[in-house]
Every structure is written in C-alpha cells, then in structure tokens.
Amino acid sequence: MGLQAMAFIPVKFNDALVAAIILGSHTELEIPANSRNLIETIANQVGIIISRMKKDSGTQKSKNNLNSLLDTLDEMVFIMDIEGRILHINESLVRSLNYSEKDLEMKDFLMLYPEDWEDDVLSTLDEIMAGKSSTCEIPLVSREGILVPVKSKFTIGDWGGQDVLIAISSLITEPGA
C-alpha cells in the first residue's frame, strides 16, 4: 500500500527554525488531534535540545581552540579552580615535568611544588589573590622529583564559566648557559 498522508512539523527554538519532523502514514489520511498535540510537544522539546547541543558544540569548539593555542606555548601552563584543583595543563608542562594529564587532573596544584616550599607558595598566592603580586620564582618539581627553576606569573581568569587561577611558568636559565 502506498503513502496515504504526510505531515511536516517545524521544530523551532526562539522563533527560529532549527529542524523539521516529517511524518508519513500508509494507513491514515490525517493525524488525530491527540497525536498532533503530542507531536507538537515533542517538537518543542527537540527544539530546546538541538539549541543546547549547538551551544555546547560551540563552547567545546572554543575550548578546543584555546587548548590548541595553550599547547603551542613554550611556557608551562596550568589552570586551577579556586579550591586549587588542576583543571588543565599544556603540552609544555607535560614535556618539561614529565606528568600526564591523568597524573594531575583534579589533583591539588601543590603537588607541582616541592613539599618544603608549600608555605611560600601559599603566601605568594595570598598576595596574588589580594592583588599585590603576580609573579614568583618558586621552582616546580618534576614527576621524578627534580626541581625545575621557573619564574611563574599568575592571573585570575575564566575557564568555562568558572573563576580560575592561571599559572604561566618560564624556565629560568643561567646567563651564558
């Protein structure tokens, strides 16, 4: 038996067409009213879902672009939330300190510093949060426990809608080395 009826249901969000639902029937000539209401409700929900997916896709694309940019830097970068948990590290930090992303993801940032320097790190961060200073020369520690002399600049920023502290560290090389 051939196609008896077809319906085109626009899927909108904020009055913009984002998709369409096309229905066909081999047995009915028209969609019953109760089914029509259900289909319109589904179309409204699909519009909201598609809109969210587009927004999330754009946000993810922006984050991927930012990650790619950070990975091109020679400086080591780590981004932590206000509680001190590491949210992101760049490739330079991975290469220089021999950590993987999994080693540091959501870990306390203090693990990047020598244990006997923790008080200095915390007092420096207190100054930074108070707006007094933004740089320090406290070494980082590699995965193997080797001290890596760096000059670090800290700044407060936004990462995916949350306040974060961003650290950018450059290797300190001896003059003439």
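The values are calculated or read from the model by the stated rules, or taken from the named source; none is laboratory data. Just so you know, these numbers come straight off a predicted model, no measurement behind them. Glycine also receives a Cβ, built like all others from the backbone with ideal geometry; neighbour counts cover every protein chain displayed. Ligands, DNA and RNA are excluded from the accessible area calculation, which covers all protein heavy atoms including side chains. Shrake-Rupley method; radii C 1.70, N 1.55, O 1.52, S 1.80 Å.
Tell me what the chain gives for mean residue ellipticity at 222 nm when only DSSP H runs of n ≥ 4 count, each as -39,500 (n - 2.57), the sum divided by the residue total, rounded to 500 deg cm²/dmol. The partial results should precede the final answer.
Working: 4 runs with 63 residues, N = 177.
That comes out to -12000 deg cm²/dmol.
Carbon and sulfur together cover what percent of the accessible area of the stretch 132-172 at a 1.4 Å probe radius? Write down the numbers at each step before the final one.
Details: 1190 of 2250 Å².
Whole-percent figure for carbon plus sulfur exposure: 53.
Could you look at the stretch 1-94 and say what percent of its accessible area is carbon and sulfur, using a 1.4 Å probe and all protein chains?
56
Please give the per residue accessible area of the stretch 75-165, computed with a probe of 1.4 Å over protein heavy atoms only, in Å².
Working: 4950 Å² over 91 residues.
On a per-residue basis, the stretch 75-165 sits at 54 Å².
Can you tally the net charge around Ile21? Count Lys and Arg as +1, Asp and Glu as -1, for every other residue whose Cβ sits under 15 Å from the Cβ of Ile21.
Its environment carries a net charge of +1.
Just to verify a number: FRET efficiency for Leu73 and Glu115, C-beta to C-beta distance, R0 = 35 Å, to 0.05?
For Leu73 and Glu115, the calculated efficiency is 0.80.
Put +1 on the Cβ of each Lys and Arg and -1 on the Cβ of each Asp and Glu in the stretch 107-172; which of Ser123, Trp159, Ser142 then has its Cα farthest toward the positive end of the dipole?
Working it through, the farthest residue towards the positive pole turns out to be Trp159.
Compute the acute angle (0 to 90°) between the alpha-carbon long axis of helix 118-129 and the principal axis of greatest extent of the alpha-carbon atoms of the chain; round to the nearest 10°.
Taking Cα atoms only, the helix is inclined about 60 degrees.
How many angstrom separate the Cα center of the stretch 79-117 from the Cα center of the stretch 33-53?
Going from one Cα centre to the other spans 44 Å.
Let me know the charge dipole size of the chain about its Cα centre in debye, to the nearest 20, where only the beta-carbon of Lys, Arg (+1) and Asp, Glu (-1) is charged.
Its charge dipole is roughly 1080 debye.
Given the options Leu171, Ser92, Asn44, identify the residue whose Cα lies farthest towards the positive end of the charge dipole of the chain (+1 on Cβ of Lys, Arg; -1 on Cβ of Asp, Glu).
Farthest along the dipole direction, towards plus: Asn44.
Taking 0.36 nm per residue of separation and subtracting the Cα-Cα distance, what length does fully extending Leu23 through Thr155 add?
That pair, Leu23 and Thr155, stretches by 42.1 nm at full extension.
For P(r) over Cα pairs in 10 Å bins from 0, in percent, one of (i) 8, 29, 34, 20, 7, 2, 0; (ii) 9, 27, 20, 11, 11, 11, 8, 4, 0; (iii) 11, 40, 37, 12, 0 was computed from the structure I shared and the rest are decoys. Which label?
Given (i) 8, 29, 34, 20, 7, 2, 0; (ii) 9, 27, 20, 11, 11, 11, 8, 4, 0; (iii) 11, 40, 37, 12, 0, the calculated one carries the label (ii).
Hey, with R₀ at 45 Å, roughly what FRET efficiency would Gln45 and Leu66 work out to, going by the Cβ-Cβ distance, to 0.05?
Using R0 = 45 Å, I get an efficiency of 0.90.
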